[in-house]
1. For Lys332, list the lysines whose Cα falls under 28 Å from its own Cα; do not include residues on the same chain fewer than 8 positions away.
2. How about Lys133: which lysines have a C-alpha closer than 20 Å to its C-alpha, ignoring those fewer than 8 places off in the same chain?
3. Using 7 Å Cα-to-Cβ label points, what is the Asp79/Val210 separation (nm, one decimal)?
4. Relative to the first principal axis of the alpha-carbon coordinates of the chain, what is the inclination of helix 293-307, with its axis defined by its Cα atoms, in degrees from 0 to 90 and to the nearest 10?
5. Taking θ = phi - 60°, what integer Hz values does the Karplus form 6.51 cos²θ - 1.76 cosθ + 1.60 yield along the range 28-43, in sequence order, with x for Gly and Pro?
6. Tell me, what ³J(HN,Hα) does each residue in the range 77-91 have, in order and in whole Hz, if you take phi through Karplus 6.51 cos²θ - 1.76 cosθ + 1.60 with θ = phi - 60° and put x for Gly and Pro?
7. Give the peptides 58-67, 358-367 in descending order of average Cβ contacts within 10 Å, highest first.
8. Apply the Kirkwood formula to the chain: the hydrodynamic radius equals the inverse of the mean of 1/r over all pairs of different alpha-carbon atoms; give it in Å with one decimal.
Amino acid sequence: MTDINQRLQKLKAEGKTVIGCFPLYPPLELFFAMDLVPVVLWGLRGEVGSTLQSDKHLQSYTCSVARHLTEFVLTKGLDLLDGVFMYNACDTLRNLPEILETGLSQGNARLPLIKIHIPMVRPDQTDASGYFKNEIRRLIRALEAEFNVSFSGDKFVDAAEKINRVRQLMALAEQKVAEGSLSFLSFCQIIHECGFSSIDEQTRILESLVAQQTDPPLSGNGQRPGVILSGILPPPASVINDMESAGLRVVGNDIASLGRTYAGAPAVIEDPEAYLLDFYHHHYPCPTLLYTGDRRAALLMEMAQKTRARGVIFVGEKFCEYEYFEFPYLKKRLNQMGVKTLELEISVEEDAHTAGHRSRIEAFAEMLATTS
Ligand code: SF4
């Protein structure tokens, strides 16, 4: 079952309390430890059909991520979610809770919205740990009051260990993509499916995935030029198919909803405040966590070296200035080390019209195949 609506209906039928979360790196361990099921409202382009309701509240120059998640919450949130959690990231998301509240209140409906603020300052420059820990305490109290649940250190340790296991399994599955025994498209679909599942279900799906030969091996895998994909979301299925048909092999990913999500995890401890402080301070770099920016270029170049990627394809989310501001510098540094780059742009309108990317991908693949 890959349909997200069905997966959410199943969770609700099992009596689970489902919390829709954004942006991409919510404290999953904390929610699971409190018997809540967090689902990250990302990658919903295939789930909502249109952006009719969202378009009444958001400008047309906001990214597809925000438009799709707004449409999802406004049209399906009351049926499929029990609450919404968010922390601050970009300017687009900053006022989204109020926009969602307004949109939902027009139908006299109520969906609890819980917000925390993560200080976007470099820990070695400004110590905001006291503020952050207070935000976590406030979050725990809000969840307890809103959903009649309680926090325990034992359950937190258990949830953190399970989530870390899930992250490790995702990294192993990514390795299968690089080896050619799992297509990148299947990988993206399975990781997306996991994001809308209970923690035990995620473990079951991923353990079975890494234990078996999933897809027939890609022909001539070793000869295919390796590329890294970088962006907020993986490209649409048609674009992934174009990449694989053009003879490219995805050997690494710097995609926010994929690699940046499961790359690394803190040592498990019982104290959620200290654990989550560690989690956010040392998170894999992402433009949505502003204070990680200075580490980003070095890590991307390290990934290129380690995977021997010949190219990096930037999958630009149209109107996401956070990602776009960094592309010129990243491209310059990668080109200096001999790694070629290609920039694609994906928008709401282009979701169904991606054929224009095909010839650029084919030309890029041809160039990589003839250079070493
Ligand atoms: S894609 Fe960019 S602009 Fe859109 S919600 Fe994410 S960080 Fe914000």
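1. Leaving aside lysines fewer than 8 places away in the same chain, those within reach of Lys332 are Lys306, Lys318, Lys340.
2. The reachable lysines, counting only those whose Cα sits under 20 Å from Lys133, are Lys115, Lys155.
3. 3.6
4. 50
5. Per residue, the Karplus-derived 3J(HN,Hα) values read 4, 4, 5, 5, 4, 5, 9, 6, 10, 10, x, 10, 8, 7, 10, x Hz.
6. These are the phi-based 3J(HN,Hα) values: x, 5, 7, 10, 10, 9, x, 10, 10, 8, 10, 6, 9, 8, 5 Hz.
7. 58-67, 358-367
8. Working: mean 1/r = 0.0469 Å⁻¹.
Final number for the Kirkwood radius of the chain is 21.3 Å.
Taken together, the values in this text are just the output of simple stated rules run on the coordinates, not laboratory data. As the structure is a prediction and not an experimental result, all values here were calculated from the model. Every residue, glycine as well, gets a Cβ built from its backbone with ideal geometry; the counts of neighbours run over all protein chains shown.
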